[in-house]
Every structure is written in C-alpha cells, then in structure tokens.
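Colleague: Sharing a structure with you now.
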Ligand code: GLN
C-alpha cells in the first residue's frame, strides 16, 4: 500500500517519516499524476492560503476532489482548513467536507500549545499528545460528520466523515504514531 502526502508546502516530511516508520511506502504529491496508485492522501499543516494557491497553479484541485471521492484523505491543521466546505473567508478550498472551520482560532497567547486528548477510535488507553500551532477549530460539524475529539472546554478539534479525517493538531510532530495507524487502517478499508 502507498500513501501520498501533499508536498506543496508545510510539514510533509514529518508525515512521510512517520508512515515509513509504520512500514508504509509514502509518496510526495505535487502533480495530478502523482495521485495514481495511491491508497490514501495526507494534506499536511502549513499555511492553507499557500497550499490552496499552489494547488490551483499545479491544477490539482479537481484531481484532488476526484481522488477524495474514492479514497481516504486526512487533513492536519492547514489540511483541515483546505478540506472544509466553509471557513467564512475567501481562499481556494477543496471544499469537500461538511464542516465549518475557523482559522487561527486560539488567539495570540496560545498560538501554540500541547495537550492530552481523548480521541474516539484511537487504539490504547493513553491520551494522545496533541500539538496545536496557530491551529484552526471546528465551529460546526454537519450531518454525516462525526466529532471524534474535543478540548476540555468543548472545542471540537478532530472529526471524521466517511473516508475523510481532519485534525486541528499535528500528530506528525509527536512520537506517537497511533493517529497515522488509524489513517492507514481507514485507507486499507477503502481498498478492500
Ligand atoms: N494558521 C495556518 C492556516 O491558517 C494553519 C497552521 C498550521 O497548519 N499549523 O492555514
């Protein structure tokens, strides 16, 4: 099985490293043809405006939507913004997932923070060490979408909709590979 990582900008190396550690071949995706033969795609964190603009320039928008219609896709942080249908401002979005997302939702003082999260469907009993960097939050998850993790104050930070997964935080920057394993399992299930 091969998983792609959108490699236009942002934290794609770290995702590739983690997939490799889990024994999965990982491919950098920059052009539509790079999607051929992949079982899933990770859209990394970074800057969603830059990722969106580059995806338009490289003519990736429609190929990415067509890929997502059939395969597992996981957006982390900027990737979550890029997958959302509505973020309240105008920038290029894939607009596939029925979520409303607010960019940079955690204000100045808490630009970056780490917290232990309970995530539905994650293996093991230990909470997940989640790193948030100028992170977005889920304002609303619409019908068909399932919130799988919230902060203590109720802020939604991870969701699933069929074969799509989004997380506000950066699992590729931790030593914990359980989120990546969860995504690999989703990709595998779509292939069966
Ligand atoms: N603040 C970034 C954005 O709005 C996301 C930050 C990140 O991906 N860590 O796109």
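No lab work stands behind these numbers, since they all come straight from the coordinates. All values reported here derive from a predicted model rather than from experimental measurement. No Cβ is skipped: glycine too gets one built from the backbone with ideal geometry, and neighbour counts run over all protein chains shown.
Colleague: Which value results when the Cα radius of gyration for the chain is divided by 2.2 N^0.38 Å?
Modeller: So the chain has a normalised radius of gyration of 0.93.
Colleague: I want the antiparallel fraction of DSSP beta bridges within the chain, as a percent rounded to 5. Walk me through the numbers on the way to the answer.
Modeller: Numbers: 19 of 37 bridges.
Counting DSSP beta bridges with both partners in the chain, the antiparallel share is about 50 percent.
Colleague: Here's another thing I want to ask about it. At 222 nm, what helix-only mean residue ellipticity would the chain give, in deg cm²/dmol to the nearest 500, using -39500 (n - 2.57) for each DSSP H run of four or more?
Modeller: -7000 deg cm²/dmol
Colleague: Also, I was wondering about something else. Going by a ≥ b ≥ c, the root eigenvalues of the Cα gyration tensor, does region 1-45 fall in the rounded group (a/c under 1.5), the prolate group (a/b larger than b/c) or the oblate group?
Modeller: Oblate, since a/c reaches 1.5 and b/c is not below a/b.
Colleague: Further question: So which residue, out of 72, 158, 141, gets the largest mean-square fluctuation from a GNM of the chain using Cα contacts under 10 Å as springs?
Modeller: The residue with the greatest mean-square fluctuation here is 141.
Colleague: Which order do 131, 57, 16 fall in if you start with the one that has the fewest other Cβ atoms within 10 Å?
Modeller: Fewest-to-most ranking of 131, 57, 16: 57, 131, 16.
Colleague: Also: How many percent of the alpha carbon pairs in region 49-125 exceed a separation of 16 Å?
Modeller: So the pairs more than 16 Å apart make up 60 percent of the total in region 49-125.
Colleague: Tell me whether region 107-192 comes out rounded, prolate or oblate; compute the Cα gyration tensor, take square roots of the eigenvalues as a ≥ b ≥ c, and use a/c under 1.5 as the rounded threshold. List each step's numbers first, then the result.
Modeller: Numbers: a/c = 1.93, a/b = 1.34, b/c = 1.45.
It is oblate, given that a/c is not under 1.5 and a/b is not larger than b/c.
Colleague: Another question about this same structure. In vacuum, with every alpha carbon of region 1-106 counted as one equal point scatterer, what does the Debye formula give for log10 I(q)/I(0) at q = 0.15, 0.25 Å⁻¹? Two decimals, please.
Modeller: So the normalised log intensities work out to -0.55, -1.48.
Colleague: Return a whole-number percent for the relative contact order of the chain, with Cα pairs under 8 Å and 6 or more residues apart as the contact set.
Modeller: Values: 428 pairs, mean separation 38.0, N = 192.
Over the chain, the number comes to 20 percent.
Colleague: Compare 81, 119, 99 in a GNM of the chain, Cα atoms joined below 10 Å, and give the one with the largest fluctuation.
Modeller: Between 81, 119, 99, it is 119 that shows the largest mean-square fluctuation.
Colleague: Compute the distance from the alpha-carbon center of region 28-48 to that of region 107-181, in whole Å.
Modeller: Using only Cα atoms to place each centre, the spacing works out to 21 Å.
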